1. Can you give me the relative contact order of region 361-485 as a percent, contacts being Cα pairs under 8 Å and 6 or more apart?
2. Let me have the 222 nm mean residue ellipticity of the chain computed from DSSP H runs of 4+ only, each contributing -39500 (n - 2.57), with the sum over all residues rounded to the nearest 500.
3. Mind jotting down the distance between the C-alpha centroids of region 213-273 and region 65-125, whole Å?
4. Could you work out how far helix 226-239 tilts from the main Cα principal axis of the chain, as a 0 to 90 degree angle to the nearest 10?
5. Can you put 374, 477 in order of Cβ neighbours within 10 angstrom, beginning with the fewest?
6. Using the Kirkwood radius over Cα pairs, work out the Stokes-Einstein diffusion coefficient for the chain at 4 °C and 1.567 mPa s, in µm²/s as a whole number.
7. Would you mind pulling out the separation of the Cα centroids of region 407-445 and region 323-387, in Å?
8. Sorted from fewest to most neighbouring beta carbons within 10 Å, what does the list 221, 279 look like?
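Taken together, the values in this text are just the output of simple stated rules run on the coordinates, not laboratory data. Please read these numbers as outputs of a predicted model, since none were measured by experiment. Here the Cβ positions follow ideal geometry from the backbone for every residue, glycine too, while neighbour counts run over all protein chains shown.
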Ligand SMILES: [Zn+2]
């Protein structure tokens, strides 16, 4: 049995707003849809993404992958949320989806995230047959975008009067999630939003939890949504409607706290426990529905320099989903994705020669709940703090065997991002509308001065090698703070 009972479960619904306060009257609307995006394996060219491994050709399908969509509208603003059972999507794919659905028009916002399953196809170009070769199947990507766009439009056409409930439950992460990197910080809050018909029938159940979907390890060769897939299939089955999993602050590195071999039984156990906790939070007496819930969103485009050698050397995969720009913001010719890595190998690029990419930071407000969309994998301590051990979940704050522990006296002081969210039920979504890798606290961003950043610094500094660079952290966090004002 998991020791989960200490959870402080708070279900936060508010009284119905007046017509003026809701902006669009006393009635708001919601709908959902779901489409199968499991790749066909007949070509033998489906490469599983994740774990830094390459050449993991999928040998079978354990469970189907889905795109899941929830649409909310208060009559004035419509927000569609898409969650994909995939490793991630780059910004340009999200912009394609917005054009395909006409969600690039005023009054509409399309928010796309991915569960980050490590047992789905390569959609970012980093897990092909050999290192440096993309594993992306362009035909599959085109098909996914067409299916997702159609499912968004279907959901948008089905908008019906709805009410909304939200809950945030503090779990004991033991047996569910642990932090592999010092300081030990796991965001323990499971956040749930439930849209339902006016008669109380579930439409969409959105779950936000901060842990990598990597119960399975790199020896797994079967397509799977990992624990996030198991969580959603249980909620779909037991509640009805459509479940969406939104990954929380998973950097750091928040990984499943497995208690048995990393197999599909553990996937079911962890997914099932989280689904049960989500249902329990929603069934709380205090969890009253809100009608006439206001819907809003804000987004800011920011530019980030590509500083890390590893990203510079694999610039082609980043350029497949972004327009490369110079320091002034002007687009660079596509050929630079080939010439800049070559130049970097010969004589290291200077600071003013580095390419930049645009990314998006976003803010969603749905009735009593609100959250941030972060375009990468945020260290949870940047979302909630925890440098004094508040969120260590039973782990030592610093591993006594760490040869190069972080200097916590230099750690950022609060208030942290989640503290600043201006609402009662708060969430932070990672891999939102882009995937720039880990967003590492600057005080502990340490890399070897080597071209490939490998070997790494002593201690745990893996995440720096999968981060676009040190500068990204303050650029993203400053934008998030502006959006919350
Ligand atoms: Zn990751």
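1. Details: 187 pairs, mean separation 42.2, N = 125.
Once divided by the residue count of region 361-485, the mean separation gives 34 percent.
2. Numbers: 12 runs with 117 residues, N = 485.
For the chain, the value works out to -7000 deg cm²/dmol.
3. Using only Cα atoms to place each centre, the spacing works out to 20 Å.
4. For helix 226-239, the angle is close to 10 degrees.
5. 477, 374
6. Numbers: Rh = 22.5 Å.
Once the numbers are plugged in, D ends up at 58 µm²/s.
7. 15 Å
8. Numbers: 221 14, 279 17.
Ranking 221, 279 by Cβ neighbours within 10 Å, fewest first, gives 221, 279.
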